[in-house]
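The values are calculated or read from the model by the stated rules, or taken from the named source; none is laboratory data. Every value quoted in this text rests on a predicted model; they were computed, and no experiment measured them. Cβ: placed from backbone, ideal geometry, glycine included. Neighbour counts: every protein chain shown.
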Amino acid sequence: MSKAYLYKHNPKIVLLSGSQYMPFTTSEDTFIMKAMNILGATLYPIALSVIFPVFLYTLVLEKEERLREMMKMNGMKIKNYWLVNYLWNAALYLVSASIFLIFGTKILKVPFFVETNSFVLFSTVFGWGLCQVSLSFFFQNFLSRVTNATSNQFSLYFLIYF
């Protein structure tokens, strides 16, 4: 198409087009790095989900021991109770996620962390944490005992579901 357009306007111009193959080099590290990337991208969300039972445990424990009702009787507004729990759980999650990010980017230099845009990486990690904290608030409505909240069945169900 380009050749025909140029030939129509000026028949003396010749356009050569094609593709240039870039040199391909192999090394032993490429397979290891690819395997680390796949494994890291798969296990990273699961590793960040391990803290979810901790969030759920504290909420169900306060519900089981009737601590929430005692706090309400002593004058605490329920809005403040939920806000403090949400901020504490989010801060706990951000500390654990930042440890993962620091080790991945600065110490191990995993390409999954290094080559990903920092804004995208931070926003997905932050969003994943807020979703986990919100899910712990949601699931605590269905659980009445701490043993149910920390059982392996519930944790495995959560990991398989997500």
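Candidates are the residues of the range 88-120 that are touching a helix residue (DSSP H, G or I) at 6+ places or on another chain (Cβ under 7 Å), farther than 23 Å from SER136 by Cα and aromatic (Phe, Trp, Tyr); the one that is surrounded by the fewest Cβ atoms within 10 Å (Cβ to Cβ) is PHE112.
The single residue among ILE51, ILE46, ILE32 that is modelled with pLDDT under 90 and farther than 26 Å from CYS131 by Cα turns out to be ILE32. Among the residues of the range 115-162, those identified as modelled with pLDDT of 75 or more, in a loop (DSSP other than H, G, I, E, B), of a type outside the set (D, E, K, R) and over 30 Å from ARG66 (Cβ atoms) are THR116, ASN117.
Working carefully through the options ILE32, ILE46, find the one that is more than 15 Å from SER136 (Cα to Cα), in contact (Cβ under 8 Å) with a residue 12 or more places away in the chain, exposed (fewer than 11 other Cβ atoms within 10 Å of the Cβ) and of a type in the set (A, V, I, L, M, F, W, C).
Details: ILE32 fails: in contact (Cβ under 8 Å) with a residue 12 or more places away in the chain.
Going through ILE32, ILE46 in turn, just one is more than 15 Å from SER136 (Cα to Cα), in contact (Cβ under 8 Å) with a residue 12 or more places away in the chain, exposed (fewer than 11 other Cβ atoms within 10 Å of the Cβ) and of a type in the set (A, V, I, L, M, F, W, C): ILE46.
Within the set LYS79, LYS8, LYS3, the sole residue that is in a helix (DSSP H, G or I), among the basic types (Lys, Arg), surrounded by fewer than 16 Cβ atoms within 10 Å (Cβ to Cβ) and at pLDDT below 80 turns out to be LYS3. Look at the range 134-151: where a residue is of a type in the set (Val, Ile, Thr) and a partner is assigned to a helix (DSSP H, G or I), sitting 6+ places away or on another chain with Cβ atoms under 7 Å, you get VAL146/TYR57; VAL146/VAL60; VAL146/LEU61; VAL146/GLU64; THR150/PRO53; THR150/TYR57.
Specify the residue that is modelled with the lowest pLDDT; the eligible residues are those in the range 100-114 that are of a type in the set (Val, Ile, Thr) and farther than 13 Å from LEU43 by Cβ. Steps first, please.
Of the residues in the range 100-114, the ones of a type in the set (Val, Ile, Thr) are 102, 105, 107, 110, 114.
Next, only the ones that are farther than 13 Å from LEU43 by Cβ stay: 102, 105, 107, 114.
Details: ILE102: 90, THR105: 87, ILE107: 89, VAL114: 82.
For the range 100-114, the residue satisfying everything is VAL114.
Take TYR44 and tell me if it is part of a helix (DSSP H, G or I), aromatic (Phe, Trp, Tyr) and more than 27 Å from ASN148 (Cβ to Cβ). When the stated conditions are applied, TYR44 passes them. Among residues of the range 115-133 that are farther than 15 Å from PHE100 by Cα, none has a Cβ under 6 angstrom from a residue that is at pLDDT below 85 and loosely packed, with under 14 Cβ neighbours inside 10 Å at a sequence gap of 6+ or on a separate chain.
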